[in-house]
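Some notes on the structure that comes next.
Only the coordinates and a few stated rules stand behind these numbers; no lab work does. Note that the structure is predicted; figures quoted are calculated from it, not measured. Cβ sites come from the backbone with ideal geometry, for glycine too, and all protein chains shown count toward neighbours.
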Amino acid sequence: MGGASTFQPITLVSDWRSSPSVTNMALRELASLEKYLGLRKPNKYSTQGDKKTPVLQNNAAPPLLGLVTIACHLVKEAKRPELLGDSAESRAVVQQWLEYRVTKVDNCSKEDIKIILKDLNLYLHDRVFLAGNRFTVADVLMYYGLHPLIVDLTVQEKEQFTNVSRWFDHIQHHPGVRHHLPPVAVLRNRIYTSRHH
């Protein structure tokens, strides 16, 4: 050990894609992001440390560490700067949501899930996307991060978080986003009979 970090290469084979671990989820997300961005040549990823932080092995430069750093690099590599935000303000908002994803959503406790969804529901009240009215990489990574939480919600719970459900459904139907994830049924609107009014 002696302070040296150890890289643990991950081979992209069918077993890797079916494993439910958080590490593999992050690596699947990066592979799906590559496909969404239209990057032809898949990158080589590994993990580092006890938290299994994703690492992009980059031949031309030092390795890149972390989901957010790698995702932003992939967006730049694909020459899609609009996905990082189209102004200084929107770029800051995108970065805030990316950090929120890795600090709050990833590995959140059962108790935290409702708080996260309640806060996000309030935030999305008058917004189409996380960074306002434009689709960004923040929407993609938050969708990937929230997917396992949304899948487990009951219909009644989804109704409690209508803005999150609306946003989530919108993102899952955005062309090319939902590569490795199954679709989630989201109730589109409440239906009441005339007797209940």
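Filtering the range 85-109 to residues that are under 17 Å from the mean Cα position of the chain (by Cα), outside any helix (DSSP H, G or I) and under 21 Å from Ile150 (Cβ atoms) leaves Asp106, Asn107, Cys108. Taking the criterion of being in contact (Cβ under 8 Å) with a residue 24 or more places away in the chain, part of a helix (DSSP H, G or I) and more than 13 Å from the chain's Cα centre (by Cα), the residues of the range 124-141 that qualify are Leu124, His125. Each residue in the range 25-53 was checked for being of a type in the set (D, E, K, R) and assigned to a loop (DSSP other than H, G, I, E, B), and 5 of them qualify. Considering only the range 146-154, I want to know if a residue exists there that is assigned to a helix (DSSP H, G or I) and over 13 Å from the mean Cα position of the chain (by Cα). Yes, the range 146-154 has at least one match. The residues on offer are Tyr123, Tyr100, and the sole one that is hydroxyl-bearing (Ser, Thr, Tyr) and within 18 Å of Val68 (Cα to Cα) is Tyr100. Residue by residue through the range 83-133, note down the ones that are over 15 Å from Arg166 (Cα atoms) and aromatic (Phe, Trp, Tyr). Those that are over 15 Å from Arg166 (Cα atoms) and aromatic (Phe, Trp, Tyr): Trp97, Tyr100.
Residues in the range 161-184 that are assigned to a helix (DSSP H, G or I) and in contact (Cβ under 8 Å) with a residue 24 or more places away in the chain: Thr162, Asn163, Val164, Arg166, Trp167, Phe168, His170, Ile171, Gln172. The lone criterion from (1) touching a residue at least 40 places away in the same chain (Cβ under 8 Å); (2) surrounded by fewer than 18 Cβ atoms within 10 Å (Cβ to Cβ); (3) of a type in the set (A, V, I, L, M); (4) more than 24 Å from Gly38 (Cβ to Cβ) left unmet by Val151 is number (1).
Of all residues in the range 70-100, those satisfying the criterion of being of a type in the set (Lys, Arg) and either closer than 18 Å to Lys35 by Cβ or in contact with a strand residue (DSSP E or B) (Cβ under 8 Å, 6 or more places away or on another chain) (or both) are Lys76, Lys79, Arg80.
Taking the range 31-63 as the range and being at positive phi, loosely packed, with under 15 Cβ neighbours inside 10 Å and under 21 Å from the mean Cα position of the chain (by Cα) as the test, only Gly38 passes.
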